[in-house]
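The values are calculated or read from the model by the stated rules, or taken from the named source; none is laboratory data. Please read these numbers as outputs of a predicted model, since none were measured by experiment. When we count neighbours, we look across all protein chains shown, and the Cβ atoms used for this are built from the backbone with ideal geometry, even at glycine.
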Amino acid sequence: MANDNQSVLGVTLQLARWIAGLTYKDLPARARDVVRLAIFDTVGCGVYGYQTPWTQALLKWVQASGGKGRARVWNDAQPTLRAADAAMVNGTSAHAFELDDYHNAKLHPGAVVIPAALALAEEHNVSGERLVTAIAAGYEVMIRSSLALEPSAARLRGWHLTGACGPFGAAAACAVLLGLDAERTAWALGLAGTQGAGLWAFNADGAMSKRLHAGKAAHSGVLAAELAALGFTGPTQIYETGDGGFLKAFSDKSNVAPLTHELGKVYHLDAVSIKPYSCCGSTHAYIDAALQLRSRLGGQWDAARPVQVGMSKVVDVQCGFDYAPSSALNAQMSLRYCLAAALNDGQVLPAQFSEEKMHDPALGKLAAHLELVDDPALDKLYPVHFAGWVAAKKGNDWMRVDILDPTGSLAAPMDAAAVSRKFAGNNPQLAVDKIAAVALHMEKHTARELIDLLTPVTVARAAA
């Protein structure tokens, strides 16, 4: 449980002072590199996600509200929206197809923090250095907020931590962009925290609500910072207060220490993972293992071959359900389906989540054939390591592949070239090299310059 109120009094203000005082010069080189690559990856995810029905439905709803502003939707030159609304649409599109980055604190920071920061930065035309600083602050605050909850415990209570912790990250980033002082930054954190939500009920039927969590968190963070700038107060003990505080409300095993421990010295954002596969990050180690087994055993996969899969408790609850075709999200969250696609097709990309593929009887049969095995050793590793193993029988012997950290993690990172290939593969209509030249040197550019390259008019002109 969280410590008593007296011992943690002031932690929200401590965090607010750090955010308000953070400068570009304070950021280590590694943190700057992570932010630039995250910007590049996230806008690629967002442009791809723009075409999805859930993003289009949300955009239609936002347009109907008539709110006008100076922030744009990625991949759409019109309309210009209020920053909060643009952040909500872009956040939903970035999280729209399970391509966006994640952290082992069990959340997706990029799809929340970057849409919020880019929208407000475009509206106010701030410098690239301030934008990078703001995103670093947002990632760090969002990740630390989840770590303070003890992510597995909060997840097992049913929270989707992207929605619960995301408003803090977006508010922190926006506070930096608006130049809020420590007091108003604390108000922004308080206003953000009181909006945090996101329930895992989407898994019951593969509903679209998960897609909304990132976008709504981005919207909430922009709203919180803008209200604080106008003098609208928020609780300055949002994390630590005993009655209604974030830590006590969201977790039975919360611990205030991760919020400020070595703050400014250790950057948890350094451990953000970039996704090579279009599905839940908790399945990625298993996909790596399955692909290795497929390569070693060679040829088309024998659907009758016995396969065992080691499971931690959290991954079993989250992704171990029996697969039945319904929605793309249902398939993307299903370990059984993702492994069947990896073994049968040799890839788990957006193409594997088409209606035709998801209803393929052969994939459904293979998914049902997999034997999931409880492994307490994995419980001890998770979520510090998103580990997993897959074993397949060859003759009378078993061949097993263990993965401690999946492709895209800090232990097996994807570099800018790999992200470029991912970006171009999902968005062949875009001038990816031009986008990379801006995003990977963001300090020399502005949000407006980057977003210019994401609009259809600019894409057509660049291709001419």
Suppose the filter is of a type in the set (Val, Ile, Thr) and under 20 Å from Lys365 (Cβ atoms); does Val315 pass it?
no
The helices (runs of 4 or more DSSP H) lying entirely within the stretch 52-162 that contain at least 3 residues which are buried (at least 24 other Cβ atoms within 10 Å of the Cβ) and of a type in the set (Ser, Thr, Tyr) are 128-149
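Going by what's in this entry, would Gly310 be described as part of a loop (DSSP other than H, G, I, E, B), buried (at least 21 other Cβ atoms within 10 Å of the Cβ) and either among the small types (Gly, Ala, Ser) or assigned by TED's automatic domain parsing to the domain that holds Trp200 (or both)? First the steps, then the outcome.
Numbers: part of a loop (DSSP other than H, G, I, E, B): no; buried (at least 21 other Cβ atoms within 10 Å of the Cβ): yes; either among the small types (Gly, Ala, Ser) or assigned by TED's automatic domain parsing to the domain that holds Trp200 (or both): yes.
Answer is no for this residue.
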Restricting attention to the stretch 171-190, does a residue exist that is aromatic (Phe, Trp, Tyr), over 26 Å from Arg32 (Cβ atoms) and in the same structural domain as Ala29 (by TED's automatic domain parsing)?
yes
Failed criterion for Pro276 (all others in (1) outside any helix (DSSP H, G or I); (2) in the same structural domain as Asn396 (by TED's automatic domain parsing) hold):
(2)
Across the stretch 343-382, which residue is nearest to Lys106 (Cα to Cα) among those that are in contact with a strand residue (DSSP E or B) (Cβ under 8 Å, 6 or more places away or on another chain) and part of a loop (DSSP other than H, G, I, E, B)?
Asp375
Does Val348 count as farther than 25 Å from Tyr48 by Cα and either modelled with pLDDT of 95 or more or crowded, with 20+ Cβ neighbours inside 10 Å (or both)?
no
Would you point out which residue out of Asn396, Asn427 is at pLDDT below 95 and farther than 30 Å from Asp452 by Cα?
Asn396
On the given criteria, is Thr455 of a type in the set (S, T, N, Q), in contact with a helix residue (DSSP H, G or I) (Cβ under 9 Å, 6 or more places away or on another chain) and touching a residue at least 12 places away in the same chain (Cβ under 8 Å)?
no
What number goes with the only condition from (1) under 30 Å from Val419 (Cβ atoms); (2) in a loop (DSSP other than H, G, I, E, B) that Ile238 does not pass?
(1)
